[in-house]
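Working notes, structure below.
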Amino acid sequence: MITLIARRFALALVTIFIISFIVFFGVEALPGDAATAYLGQFATPESLNALREKFGLNAPPLVRYVNWLGDLVKGDLGDSLSRKESVAELIGNRFRNTVVLSIAAALFAVPIAILLGVIAGLTRDKWPDIIISLVAIIGMTLPGFVNATVLVYFFAIKLNWFPAVTLIASDAPVSKLLPNIVLPIITLTFIMVAHILRLVRTNMIDVMMSEYVQMARLKGVSAIRIVFSHALPSAMLPTINIVALTIGWLVGGVAIVEAVFNYPGIGTLMLRAISDKDFPLIQAIAIILSSIFIGINLVADLLTLMLNPRLRTARGH
Amino acid sequence: MPVATTSTEQPELFKRRSPIAETWENLRRSWSGMLGITLIVIHLIIALTSPFLIPQDPLEMNSKISNQAPSYEHLLGTDKLGRDVFSRSMVGGRVTIVVTILATMIAVSWGGLAGILFGFLGGRADEVFMRIVDAFLSIPWLLILLLIVSIMGTEMWVQILTFGFTYGVSTIRIARAATLDHVTSDFILAARARGEHKKTIVLKELLPIVLDVILVDGAMNWSWMLLGFTSLSFLGFGVAPPTPDWGSMIAKSRETLAIQPWTVFGPVIMLSTLIIGINLFADAFAKALGLDRSQGAPV
């Protein structure tokens, strides 16, 4: 069992390593380099060269890759080019803001999705299921920015309950964030619920038809006990996987929702970094977000393994 | 039914239908599938014919009539530069649809073949390749798309190729998984024993079996590509103005959402109906082919 965990962990590290390679050389391929981005279009060749010497940009790419990797491991994320401050500082506050947003959305989304999914599964093809499933399909298939814009229209403009755009700085304390955060949370929750609830519904339907539940019915167990003690736990197991996948989606999708609301999070920072061609910032954000995604998947994998002993037999990789 | 039948009549039971006809029959029975196909076909027709049929010039600006409510002349009103929203919404899908359809074909082709190939070959090459594929799929999709578009630019042909490449990676996994189901089968063993070239085995034996899974994935891929392309367009990394495009239309019209919501809802409705149509079709198609699909989150 420990070997299995250790193996998964090692695999995750290898994947992160490969990603760092892809990210570094992907950003390398962007037109221009750090020097042109720093000094702008009208820099003279001499100043460009001087800057390249100073930043060590003339070294061959592999050497720079190894240096970057070494710095990363030490915790040094480098300095941002356009804002001329350390990347870590820039990311810090925005990361906190995005985490607040994401965790709040996830905390709402998972219980709501489970509740609605169970209801939909139990009332299959009747009105509650039809309405719930329809809304879920809409939330799941349409682009995030479409969902966000429609929600903005109804909640911010027609009902005027919440502000449509965030107007605060990134280092504002969390208390100031609150009124601005509600609509982004609602949007993210809506999209995540749509994804998760479909699978909960399917699992619920499958479990209710299983022999395990049929046996409980034959024994005369009350309907409520069947749902809560028998059906629900079995239906929950595969849900861990989809929750992890959805949180993984969140890592990318939150950027779009942040862009719609101009929320000062890491998503909007990433967008700005890319249009500014701020290479160290792009690389740092990319590796952080990817690592988070891999970390979440690793946790979900291990959780599933722990909760389902049948999967523990090694598959001879 | 007469007991004695002539030898030239085939009893109902043994009439053979081609798998294509059978799939189509199954598809016809699903109302959601037919609705999906209808929506897709309508959009394709609009994309092809709209420049000739729209009432107004989508590019003509007239600041005197900006932000007007819907009227007989301007069915969805005008935007902030006085352009007809209805006409722009009708033609706004052309670039999007062309790019995504062509890119989907590329994605399905290369992803499908690569998946089958590596599933068939197995061994070290397969392991290494799949590690790289997994790593690629672990990078947040938006980041990958943005990076690639920043590097390669927003020329239409370039976008077709880059989207095709990027979205093909997720097809690799699906094709490989489907291939692995069959690679140990007896008929593959027999083919190998006959001494068939690997290429022949891949193309003539494995591909037909795995094709239905790949096609369903292709339909979903088109849907996700629409998400990705319009999202990039929304963020400003897509089609250059003044060409009307659903994503950038939605982005630019958000400021007038309060006074003229149709500038936003025109393209939103167009885009939504297409995506929903594709999803309905993909679901019904999978059922018609007899495939059991579990929905994953988009890549």
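Residue A:121 sits among other residues whose Cβ lies under 15 Å from its own Cβ, and their net charge, with Lys and Arg +1 and Asp and Glu -1, is +1.
Going down the list A:219/B:287; A:158/B:252; A:277/B:80; B:204/B:287; A:126/B:287; A:277/B:64, which pairs span over 28 Å between their C-alpha atoms? Violating the 28 Å limit, Cα to Cα: A:219/B:287; A:277/B:80; A:277/B:64. Using the Kirkwood formula on the Cα atoms of chain B, what hydrodynamic radius do you get, in angstrom to one decimal? Computed over Cα pairs of chain B, the Kirkwood hydrodynamic radius comes out at 21.8 Å. Computed over the Cα atoms of the stretch A:93-276, pair by distinct pair, the Kirkwood hydrodynamic radius stands at 17.7 angstrom. The base-10 log of I(q)/I(0) for the protein assembly as shown, evaluated at q = 0.05, 0.07 Å⁻¹, reads -0.26, -0.50 [Debye formula, identical scatterers on Cα atoms, solvent excluded]. Place a point 7 Å from Cα of residue A:104 in the direction of its Cβ. Which residues in the stretch A:255-271 have their backbone N less than 18 Å from it? Label zone hits: A:255-269. Grab the DSSP H runs of chain B that are 4 residues or longer, score each as -39,500 (n - 2.57), total them, divide by all residues and round the 222 nm result to the nearest 500 deg cm²/dmol. Computed ellipticity for chain B at 222 nm equals -22500 deg cm²/dmol. Scoring A:265-276, A:202-213 by mean Cβ neighbours within 10 Å over their residues and listing the highest first yields A:265-276, A:202-213.
No lab work stands behind these numbers, since they all come straight from the coordinates. Everything numeric here is computed off the predicted structure, so don't read it as measured data. Cβ atoms come from the backbone with ideal geometry, glycine included; neighbour counts cover every protein chain shown.
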